[in-house]
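Below you'll find the structure, written out as structure tokens, and then a few comments.
Please treat every number below as a calculation from the coordinates, not as lab data. If you're wondering where the values come from, they're calculated on a predicted model, not measured in any experiment. Reconstructed Cβ throughout: ideal geometry from the backbone, glycine too, with neighbour counts over all protein chains shown.
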Amino acid sequence: MFISDIHLGLQSKEIEKKKELSLVRFLNFASQEAKELYILGDLFDYWFEYKRVYQKGYFRTLTALEDLVNSGTKVHYLIGNHDFSHRDFFGTEIGLKLYEFPIEVVLNGKKFFLAHGDGMVKNDLGYLILKKILRNKSVQRLYSMLHPDLGIALASRTSKSSRDYTTKKNYGEIDGLFEFAKDKIKQGFDYVVLGHSHRRALEHFDDGVYINLGSWLSKPCYGIFKDNQFNLVDWENYNG
């Protein structure tokens, strides 16, 4: 199974509680149905992990993730452009496998390219520069010297600015992520699965398929690869 762009912490407390409870139900569902779960970034709208401090408010999600791992489901977490400031908490305390970069995997004999999708549109030099700065480990170490209350508040503000930039930027009529996926399919990948754009898609090209997982901000969904077929499923259909 595959999910992306939940953006926990973005909306009002009332909406966030409802969204988190829905996510927890999905994770419990996945523990019964999935051998592996891939989270393709932006699980949180912002995340900055200190050495001895992590953000309050997500204990239901963190516990559900640990329960999912303990059930035997392998959980892979590819960080996105909003939740990239991780240390070792998710790996050592919960048991997830964390990735800072895109990964290539073979599932049931099919070759997958998996990534969040940020920085993969050709005409986005400004973001690529910003990404290089924000993900610099030295910059993150200096930032961690701020008091957590201040550091997390600034991270939240930066996250909102980043989202506003992405929302307002005109990338042209061509879907840059689909164009990126086409190149990967030409390189021999059977499936290219991304998030980031919040635009759900399942497009066939040559002998491959491009999937965008959309977001959980309006219509939550998950991807499922079963019997060598990939489908996007509306989670609300299973959410009562």
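For the condition of a type in the set (A, V, I, L, M), in contact with a Lys or Arg (Cβ under 7 Å, 6 or more places away or on another chain) and assigned to a helix (DSSP H, G or I), V24 qualifies. Look at L21 and say whether it is out of contact with any Cys (no Cβ under 7 Å at 6 or more places or on another chain) and more than 24 Å from F112 (Cα to Cα). Here the answer is yes, as L21 does meet what is asked. Restricting attention to segment 208-222, the residues that are surrounded by 14 or more Cβ atoms within 10 Å (Cβ to Cβ), of a type in the set (G, A, S) and under 19 Å from Q11 (Cβ atoms) total 2. Kindly list, by first and then second residue, each pair from a residue in segment 33-56 that is under 20 Å from W216 (Cα atoms) to a residue that is acidic (D, E) and buried (at least 19 other Cβ atoms within 10 Å of the Cβ), limited to pairs with Cβ atoms under 6 Å and residues at least 6 apart or on different chains. Sorted first by the residue in segment 33-56, then by its partner, the pairs are D42/D5; D42/D83; L43/D83; F44/D83; W47/D83. If you take just the strands (runs of 3 or more DSSP E) that sit entirely in segment 81-124, which of them hold at least 3 residues that are touching a residue at least 60 places away in the same chain (Cβ under 8 Å) and not β-branched (V, I, T)? Filter on segment 81-124 gives 110-114. Only one entry in F205, F230, F225 is under 20 Å from E104 (Cα atoms), among the aromatic types (F, W, Y), over 21 Å from the mean Cα position of the chain (by Cα) and surrounded by 12 or more Cβ atoms within 10 Å (Cβ to Cβ), namely F205.
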